Every structure is written in structure tokens, then in C-alpha cells.
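Report on the following structure.
The values are calculated or read from the model by the stated rules, or taken from the named source; none is laboratory data. No experiment lies behind these values; they were computed from the predicted model shown. All Cβ positions, even for glycine, are placed from backbone atoms using ideal geometry, and neighbour counts span all protein chains on display.
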Amino acid sequence: MLKKILITGITGNIGAYTAGQLLKKGHTVVAIARSRSKMVEDAFLKKTLKSLSQFSGDETMVDEALKEGRLVVLKGDISDPASIAALELPFSIDETWHFASSLKYMPKDNEEITEANITGVKNILSLHDRFRSAEARFVYISTAYIGGKNMHVVPEAVIDMDERLSFNNEYERTKLLAENIVREFSEQKDMGYCIFRPSIVIGEKFTGRLVNYNGFYLGLKAFHTLNEYLAKPDGTKTRLRFESNPDNTLNLIPIDDVDALMQKIIETNPPSGSVFNITNGTETRIGDILNIINSSLSNLEIQISSKEAFMAEPRNRNEKMLAYGFNYVLPYLNQDIQFTTDSVVSQTGSGYALALIPDHLRFYINHYLKRLSRKTEASGVVQS
Ligand SMILES: NC(=O)c1ccc[n+]([C@@H]2O[C@H](COP(=O)([O-])OP(=O)(O)OC[C@H]3O[C@@H](n4cnc5c(N)ncnc54)[C@H](OP(=O)(O)O)[C@@H]3O)[C@@H](O)[C@H]2O)c1
């Protein structure tokens, strides 16, 4: 059945990817995008079309969908209640996919994070409620990392917001609070909903591409910056200790697999209130990631050290810089978190089986590091 689908966050990674796939399948998409340019009136439209074409790789399909009225782009800022309340959708909708979110995690951005993730979800729930068809469903995109500091196994169920929970950052807290808000609103209004929780999203398989290199890539960027900064005339490497445990893991999942799993699940018409951890069946070892980084960076030799080792021998200046770059990512590198996937498996019959072997990882890491090197060279920052 072809559906009319409201999408937020269409200029971001997963929103752009999913919207492109939905348009390819023939669905109608109405997207909400913001504009921060006061100069260009249709900047939000241009940005949306660029992200969509870049990801779907099909500019003609995007242009045609726009001409046919199967793609409608409306200007709206999800953090601003008036901006969303003023929107009039051209038709009633069968589904809303709410991707838009602030992915920042620094305390200085807490206000912006709360507005985007809490005020934002409330505004989009109200918009969905105003324009939904009788059987419409609200799909909230959360994160698998909602468990905070104390949860080691993340279940596929909404965890009640509780003041005893302790979070690594405001992003985590607001994503869990938003899940609670979606559940409460939907139950009050007798409205269908489901929640998808991707783990750490990496680029598309075979191309490595993303619209925004956020999350996992910010850590790579910190290594790359230091690698440029610590280049020595004699070509020797600087040894730096990095706090983690080589056997700790991260759950990385390519964006096309995130989309494929979500689409497969939605097509099975899951019961309202379902929660799905969209994760990779195979975790990636921190030790494997750092081995690849070491072989790719010419000026650094990173060595994993324990917290105790740093207590015995405090960080030197360069190690402090590295730790600063990783400030808010460190908890994830020092916490072993597992995710249940029973609901995904029971809904899809299989779940996710592709293991990210070191060769795949090398491809992803090098794709991004090369991209950064091209950028630094183009800006002339690099010293020969
Ligand atoms: N990337 C990951 O590793 C990951 C992992 C787990 C879960 N998730 C979740 O997946 C969803 C999408 O993530 P992503 O990686 O695609 O993020 P992204 O690339 O950073 O995109 C975020 C999107 O949200 C939009 N947005 C933010 N604030 C907005 C506002 N006030 N009004 C309107 N639009 C606003 C952005 O628009 P602009 O272009 O205008 O900024 C952009 O389209 C998020 O809910 C995130 O929490 C992501």
C-alpha cells in the first residue's frame, strides 16, 4: 500500500536516506526542514533537495517527485511551537517518521538539545495528531544508547524515566524522555506508535557516504586533527596513550542496514508500542578500531591504556589534548553495553547478521580520513 508520510530531519543522515528509499518505492513524502538563512527564502528547500539527491544518487527521481507533488517540502523549526502550529499539510498522513534531533552532547549546548529533542517531539506529535488518518502511526527514531551510565543490557521496551537514572549527557537523557513522551501522548490519544533505536550509524556500505559525518566520525576527526598537529620533520611518530580497554566494544551499523531493517519491520505492521533496537549482531572491538587508525595515521602511535595506568603516570600535554577531544565520547569507550534484539528477530524472522570484519572497518575509517585530508589540503592548513 502506498502511503503519505511526514518526515522530519530530512536534511540529516537517516532522514535523507529513508526519505529517498520511500520515494523510490512510490510513497508520498511531506518533509519539514528549517532554514537558518535569512537571505535565501527557499534555502530549506535547496538543502533538502541536495541531501536527498546526494544520498539517493538520483537527482531525476527527486525532481520528478517534486513535480508530481509526491515530495512536498515545508519550512518549519521543530523547536519553535509557533512555526509548527502554523503548518498546514496538503493531505492527511498515514505515518510520521520523526528523525529530527540535536545530536550534540556538550553541556554548553544543553538548552538547544532540550528544545530540539523535547519541545521538538511534542510539536511533531501535535502536528501528527492534527493531520493523521484513522490508522496512522507515529514512528520515533531514538537511540540504542538511552540506558545511561548504569544499564548494561538495553531492553526493547520504553524504560520509565526515573530520577535515579544517570546519563552520560543531555542527548541521552532527552532521547529517553522523548520516548516516554511519545508513549504517553500516543496512549492518551489512542494513536499507533513504534520506536526505532539505531546504535552508532556509519556510512553506506560500498560507498561509505553520509550527509553529516557525526557520532563515530567525531572521534576519528579528533585523531586526524592531532595527527596533523603532531607531524614531525623527521617523520617519527608520537606515541600517545588513550584510555580504554581493547576488548570493549562499540555497536556500529551501516546506514543502509538501519533503513532496510526499519522498512522491513514497518512492512510487517508491528503492534503499537513496539520498540526495536536497530543494532549490529556483531560488536566492533575498540582494539580493532585503534589498530586501523594506527596503520592509517602517519604521525601517531596510539596505545590503549587503563584508567589505573593514567593514575600511575598522569597524561602529558598531548594526551590531555586527545582526552579533551574525546571528553564526552569516553564513557562509550569504557562502558560495555549490550542490546537485546528479540523484537527485531521475531518481527523480521532474522535480525541482522552481517559482521563488520576489520576489512570493512578499514574501508569506513579510511574513507573518512581521506576525506578529512583532502579538506585540510584544500584549505591549505596542512604543512608539507
Ligand atoms: N547518527 C547516529 O549515529 C545515530 C545513532 C542513533 C540514533 N540516531 C538518531 O537518528 C536520528 C537522525 O540522526 P542523523 O544521524 O540523521 O542526524 P543528523 O544527520 O545530525 O540530522 C539531524 C536532522 O535534524 C534536523 N534538525 C535538528 N534540529 C532541528 C530543528 N530545530 N528544526 C528542524 N530540523 C531540525 C537537522 O536539520 P538541519 O540540517 O537544519 O540541521 C537534520 O535534518 C536522530 O533522532 C538521532 O538521535 C542517530
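So, of the residues in segment 192-215 that are surrounded by fewer than 18 Cβ atoms within 10 Å (Cβ to Cβ) and more than 15 Å from the ligand (Cβ to nearest atom), which turns out to be nearest to the chain's Cα centre (by Cα)? Result: LYS205. Of the residues making up segment 24-80, those that are at pLDDT 90 or above, surrounded by fewer than 17 Cβ atoms within 10 Å (Cβ to Cβ) and more than 23 Å from GLU112 (Cβ to Cβ) are LYS24, LYS25, GLY26, LYS46, LYS50, THR60, ASP63, GLU64, LYS67, GLU68, GLY69. With respect to LEU252, is the statement that it is within 14 Å of the ligand (Cβ to nearest atom) and closer than 26 Å to GLU283 by Cβ true? Yes: the conditions hold for LEU252.
Any residue that is under 23 Å from SER295 (Cα atoms), modelled with pLDDT under 75, among the charged types (D, E, K, R) and in a helix (DSSP H, G or I) - is there at least one of those in segment 368-375? There is no residue in segment 368-375 that is under 23 Å from SER295 (Cα atoms), modelled with pLDDT under 75, among the charged types (D, E, K, R) and in a helix (DSSP H, G or I). Only one of the numbered conditions (1) among the acidic types (Asp, Glu); (2) surrounded by fewer than 19 Cβ atoms within 10 Å (Cβ to Cβ); (3) more than 14 Å from the ligand (Cβ to nearest atom) is violated by GLU283, and that is (2). For segment 126-153, which positions are more than 12 Å from the ligand (Cβ to nearest atom), in a strand (DSSP E or B) and either closer than 30 Å to LEU250 by Cβ or among the hydroxyl-bearing types (Ser, Thr, Tyr) (or both)? Across segment 126-153, the qualifying residues are SER133, PHE138, VAL153.
Among the residues that make up segment 304-312, is at least one of them out of contact with any Asp or Glu (no Cβ under 9 Å at 6 or more places or on another chain), in contact (Cβ under 8 Å) with a residue 24 or more places away in the chain and of a type in the set (Phe, Trp, Tyr)? Scanning segment 304-312 turns up no residue that is out of contact with any Asp or Glu (no Cβ under 9 Å at 6 or more places or on another chain), in contact (Cβ under 8 Å) with a residue 24 or more places away in the chain and of a type in the set (Phe, Trp, Tyr).
Here the condition is being more than 8 Å from the ligand (Cβ to nearest atom) and either in a helix (DSSP H, G or I) or farther than 24 Å from THR143 by Cβ (or both); of GLY15, GLY26, it holds for GLY26 alone.
Evaluation of THR282 against the conditions (1) part of a helix (DSSP H, G or I); (2) modelled with pLDDT under 95 shows that the sole unmet condition is (1).
Can you work out which of the residues in segment 98-113 that are assigned to a helix (DSSP H, G or I) and within 11 Å of the ligand (Cβ to nearest atom) is nearest to ASN327 (Cα to Cα)? Looking at residues that are assigned to a helix (DSSP H, G or I) and within 11 Å of the ligand (Cβ to nearest atom), I get ILE113. Residues of segment 168-210 that are closer than 30 Å to PHE326 by Cα and of a type in the set (D, E, K, R): GLU170, GLU172, ARG173, LYS175, GLU179, ARG197, GLU204, LYS205, ARG209. When LYS108, LYS122 are screened for being of a type in the set (Lys, Arg) and closer than 20 Å to VAL329 by Cα, only LYS108 passes. Annotation note: of PRO246, PRO271, the sole residue that is surrounded by fewer than 16 Cβ atoms within 10 Å (Cβ to Cβ) and assigned by TED's automatic domain parsing to the domain that holds GLY325 is PRO246.
Table: residues versus (1) touching a Pro at 6+ places or on another chain (Cβ under 6 Å); (2) of a type in the set (Val, Ile, Thr); (3) away from the ligand (no atom under 16 Å from the Cβ); (4) assigned to a loop (DSSP other than H, G, I, E, B).
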residue: VAL30; (1), (2), (3), (4): no, yes, no, no
residue: LYS38; (1), (2), (3), (4): no, no, no, yes
residue: LEU45; (1), (2), (3), (4): no, no, no, no
residue: THR48; (1), (2), (3), (4): no, yes, no, no
residue: MET61; (1), (2), (3), (4): no, no, yes, no
residue: PHE91; (1), (2), (3), (4): no, no, yes, yes
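Need at least 1 residues that are modelled with pLDDT of 85 or more and in contact with a Ser or Thr (Cβ under 7 Å, 6 or more places away or on another chain) per element, so show me which helices (runs of 4 or more DSSP H) inside segment 291-344 make the cut, counting only ones lying wholly within it.
Filter on segment 291-344 gives 317-325.
Checked against (1) touching a residue at least 40 places away in the same chain (Cβ under 8 Å); (2) part of a loop (DSSP other than H, G, I, E, B); (3) more than 17 Å from the chain's Cα centre (by Cα), THR225 meets all criteria but (2).
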